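Each remark here refers to the structure printed beneath this line.
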């Protein structure tokens with residue numbers, strides 16, 4: 001049996017499953033953390049670890065292959081909890097619910113750990129699905145991978161000094177960028193360039209924020225890592241002011257080119273070591289290449305959208321992932 | 001004029017800009033910007049030379065009198081942004097010429113005139129084939145809007161991801177009925193109404209009343225009304241530059257590897273006959289007596305899928321073959337399956353378009369086409 005953790009709207013998961021079926025696999029289960037069709041049934045510690053999907057029991061001991069694609073914890077008790085009164089004391093009730101939800105999280109963590117260890121084939125990692133960017137940059141440097149000068153700054157004074165020393169900087173979230181919708185607007189945060197001229201709009205003291213020296217970019221590289229292979233793509237966006245700092249800002253008239261790329265073997269070796277140190281056998285890595293052909297590592301996203309590499313480069317990565325899970 | 005004669009770099013033609021050699025003219029198709037440019041075939045060999053020699057070496061190897069022409073060609077490629085100068089070509093591999101898809105059947109056409117098909121059976125069988133897209137063409141107003149809605153419902157929770165709906169205008173339905181039909185079914189990807197009293201467009205917004213422009217744009221769907229009637233399958237098969245398919249990498253690779261119109265397609269015509277395409281005369285029996293998966297297993301049913309333009313007379317030397325859909329239902333010599341599409345007026349040997357019907361009386365009569 002192949003067990004897949006994902007979320008219901010993840011198109012990539014759907015495509016991989018289509019390939020699994022085409023390759024003759026019938027025994028698989030997709031667990032979407034945002035759909036309430038999974039129930040906990042029981043674990044005896046020996047040979048039976050049962051959850052159910054739409055009432056159909058699944059023994060996780062039978063998992064031969066596991067893919068942690070993405071997604072968080074399943075709420076095993078959510079529907080029942082709604083009708084329960086745990087205490088008359090509201091404060092106490094809130095704390096009890098907090099207890100139950102941390103129990104739920106721990107149980108969920110264990111299920112994922114259990115399946116990952118139990119399955120001879122395991123791809124992706126829930127426990128490493130959210131990396132700390134600053135830590136990964138440190139590690140990358142240890143493996144001899146260049147990174148842009150990186151600072152965390154919280155005062156205008158210091159920012160101004162760094163701008164003077166380094167020239168233009170970029171800023172981005174330390175964790176995840178903003179992605180918020182309400183009925184009338186969508187809010188996203190991108191990687192933004194910061195110049196001396198931006199200082200007038202910045203307050204004297206602000207939340208500690210991540211800044212990096214802006215690389216004089218020739219092009220960007222997105223690398224998908226699977227098992228022991230790298231699938232790389234170059235993004236040519238430098239002709240275009242709008243996408244110069246962040247290629248996600250599309251320009252429909254002059255769209256960026258996303259082309260197959262062969263990462264130099266030396267960079268591949270170092271990057272493989274970095275993935276290994278992070279205990280990840282899949283993920284997406286970003287680089288910028290400067291005008292002197294130096295490769296600067298930016299970050300690793302363990303649950304990145306590899307379809308955005310697969311389609312333009314004609315790599316059929318969804319099929320490769322399916323084949324990985326079958327082996 | 002500036003020259004690139006001292007340039008020690010290679011000229012990289014981007015992997016998404018793909019040249020196709022034709023008899024007189026050649027084309028370069030930019031898959032990212034979805035454009036197609038024509039140039040004389042005498043320049044085509046440079047695309048191979050670019051992968052071997054630096055620009056300077058190319059100039060040295062050229063006759064002096066060709067320098068100006070070559071410089072002009074480089075100017076053209078640079079101006080169109082089809083490439084750039086690079087020091088290391090090995091970093092930029094070409095796109096692999098390969099196309100695959102996991103489903104047995106990708107798309108189906110179901111025609112409706114006077115016979116009410118058993119859509120429950122049809123959609124179940126398409127589901128077992130993994131069919132992703134369905135086009136439902138109604139030449140007559142056989143169904144009410146409510147009945148159409150019931151038909152679409154039968155396709156829900158199956159492999160089918162979208163349905164293109166072409167229906168005939170009927171006076172008993174209001175604009176709101178059409179909009180409601182669209183809004184009620186996420187499966188409907190587009191809705192065309194033919195034989196309408198006027199050409200117009202209605203907007204479906206799925207009930208979104210917010211102000212977010214991006215979301216609005218994403219949700220925004222148009223229902224197109226055309227006065228032109230669609231009376232039958234014989235309208236199909238016209239080859240014209242406006243139908244060239246310049247899309248993404250996958251559709252290009254599909255088009256050069258297979259017969260992109262027929263590959264992984266199955267059709268049920270207005271009589272319920274199973275065919276590769278409703279316009280074709282040959283059928284594989286009625287849907288009443290046959291199961292689609294058995295038909296797909298027949299070698300001769302799948303045989304036409306692999307007939308790409310490299311196998312077709314005339315087309316194989318046409319510079320548009322990588323973006324042309326082809327048509328195997330109406331062909332110039334009905335007895336020769338590899339003859340060029342009947343409704344194509346292009347001659348790649350002299351690079352001219354003429355009226356396709358000229359001198360084709362024999363085939364026109366054979367197929368009973370009204371012009």
Q: Could you tell me which numbered condition residue B:247 fails, if it satisfies all but one of (1) within 12 Å of another protein chain (Cβ to nearest Cβ); (2) part of a helix (DSSP H, G or I)?
A: (2)
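Taking the stated definitions as given, is residue B:223 crowded, with 16+ Cβ neighbours inside 10 Å, at pLDDT 95 or above and in contact with a strand residue (DSSP E or B) (Cβ under 7 Å, 6 or more places away or on another chain)? First the steps, then the outcome.
On the way: crowded, with 16+ Cβ neighbours inside 10 Å: yes; at pLDDT 95 or above: no; in contact with a strand residue (DSSP E or B) (Cβ under 7 Å, 6 or more places away or on another chain): yes.
Here the answer is no, as residue B:223 does not meet what is asked.
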Q | The lone exception for residue B:115 - which of (1) surrounded by fewer than 19 Cβ atoms within 10 Å (Cβ to Cβ); (2) in a loop (DSSP other than H, G, I, E, B); (3) within 12 Å of chain A (Cβ to nearest Cβ) it fails | A | (3)
Q: Could you check, for the stretch A:304-315, whether at least one of its residues is at pLDDT below 95 and part of a strand (DSSP E or B)?
A: no
Q. Listed residues B:202, B:126; which is under 26 Å from the mean Cα position of the chain (by Cα), within 30 Å of residue A:24 (Cα to Cα) and more than 14 Å from every other protein chain (Cβ to nearest Cβ)?
A. B:126
Q: Residues that are under 30 Å from residue A:295 (Cβ atoms) and touching a strand residue (DSSP E or B) at 6+ places or on another chain (Cβ under 9 Å): find the strands (runs of 3 or more DSSP E) completely inside the stretch B:1-105 holding 3 or more of those.
A: B:10-13, B:83-86
Q: For the stretch B:119-127, indicate whether the set of residues that are in contact with a strand residue (DSSP E or B) (Cβ under 9 Å, 6 or more places away or on another chain), assigned to a strand (DSSP E or B) and either without any contact (Cβ under 8 Å) to a residue 12 or more places away in the chain or buried (at least 17 other Cβ atoms within 10 Å of the Cβ) (or both) is non-empty.
A: no
Q) What are the pairs, 6+ residues apart or on separate chains, where a residue within the stretch B:210-231 that is within 12 Å of another protein chain (Cβ to nearest Cβ) has its Cβ under 7 Å from a residue that is assigned to a loop (DSSP other than H, G, I, E, B) and modelled with pLDDT under 80? A) B:210/A:183; B:210/A:184; B:211/A:184; B:212/A:184; B:212/A:185; B:215/B:208; B:216/B:208
**Q.** Candidates B:175, B:184 - the one that is within 30 Å of residue B:104 (Cβ to Cβ) and either within 14 Å of chain A (Cβ to nearest Cβ) or touching a residue at least 12 places away in the same chain (Cβ under 8 Å) (or both)
**A.** B:184
**Q.** Filter pass, residue A:134 being surrounded by fewer than 17 Cβ atoms within 10 Å (Cβ to Cβ) and either modelled with pLDDT of 95 or more or under 27 Å from residue A:294 (Cα atoms) (or both)
**A.** yes
Q | residue B:232 vs. criteria out of contact with any helix residue (DSSP H, G or I) (no Cβ under 6 Å at 6 or more places or on another chain), modelled with pLDDT under 95 and either surrounded by 17 or more Cβ atoms within 10 Å (Cβ to Cβ) or more than 25 Å from residue B:99 (Cβ to Cβ) (or both) | A | yes
Q) Is one or more of the residues making up the stretch B:164-179 part of a loop (DSSP other than H, G, I, E, B), modelled with pLDDT under 95, out of contact with any helix residue (DSSP H, G or I) (no Cβ under 6 Å at 6 or more places or on another chain) and over 22 Å from residue B:228 (Cα atoms)? A) no
Q: Test residue B:214 against the criterion of being more than 30 Å from residue B:367 (Cα to Cα) and part of a strand (DSSP E or B), and give yes or no.
A: no
Q. Restricting attention to the stretch B:227-243, which residues are under 14 Å from residue B:343 (Cα atoms) and part of a loop (DSSP other than H, G, I, E, B)?
A. B:236, B:237, B:238, B:240
Q.
For the stretch B:78-102, which positions are farther than 18 Å from residue A:258 by Cβ and at the interface with chain A (Cβ under 7 Å from one of its Cβ atoms)?
A. B:90, B:100, B:102
Q.
Please go through (1) more than 15 Å from residue A:298 (Cα to Cα); (2) under 23 Å from the mean Cα position of the chain (by Cα) for residue A:192 and return the number of the only condition it doesn't satisfy.
A. (1)
(Q) Here's a check for you: in the stretch A:297-324, which residue that is within 14 Å of another protein chain (Cβ to nearest Cβ) and out of contact with any helix residue (DSSP H, G or I) (no Cβ under 7 Å at 6 or more places or on another chain) is surrounded by the most Cβ atoms within 10 Å (Cβ to Cβ)? (A) A:313
(Q) Are there strands (runs of 3 or more DSSP E) fully within the stretch A:218-296 with at least 2 residues that are over 24 Å from residue B:16 (Cβ atoms) and either modelled with pLDDT of 95 or more or within 14 Å of chain B (Cβ to nearest Cβ) (or both)? List them. (A) A:282-290
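Filter the stretch B:129-146 down to residues that are within 12 Å of residue B:264 (Cβ to Cβ) and surrounded by fewer than 22 Cβ atoms within 10 Å (Cβ to Cβ) and give me whichever is nearest to the other protein chains (Cβ to nearest Cβ). I'd like the intermediate steps shown before the answer.
Taking the stretch B:129-146 as the starting set, the residues that turn out to be within 12 Å of residue B:264 (Cβ to Cβ) are B:129-133.
Those left that are additionally surrounded by fewer than 22 Cβ atoms within 10 Å (Cβ to Cβ): B:129-130, B:132-133.
On the way: B:129: 12, B:130: 7, B:132: 9, B:133: 14 Å.
Within the stretch B:129-146, the match that is nearest to the other protein chains (Cβ to nearest Cβ) is B:130.
The rows are residues; the columns are (1) farther than 29 Å from residue A:317 by Cα; (2) within 27 Å of the chain's Cα centre (by Cα).
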{"site": "A:9", "(1), (2)": "no, yes"}
{"site": "A:15", "(1), (2)": "no, yes"}
{"site": "A:26", "(1), (2)": "no, no"}
{"site": "A:32", "(1), (2)": "no, yes"}
{"site": "A:35", "(1), (2)": "no, yes"}
{"site": "A:49", "(1), (2)": "yes, no"}
{"site": "A:56", "(1), (2)": "yes, no"}
{"site": "A:62", "(1), (2)": "no, no"}
{"site": "A:66", "(1), (2)": "no, yes"}
Q) (1) under 27 Å from residue A:258 (Cα atoms); (2) more than 14 Å from chain A (Cβ to nearest Cβ); (3) buried (at least 16 other Cβ atoms within 10 Å of the Cβ): which one isn't true of residue B:253, the others all being true? A) (2)
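The values are calculated or read from the model by the stated rules, or taken from the named source; none is laboratory data. A quick note: this is a predicted structure, and the numbers were derived from the prediction, not measured. Cβ coordinates were reconstructed from backbone atoms using ideal geometry, including for glycine residues, and neighbour counts include every protein chain displayed.
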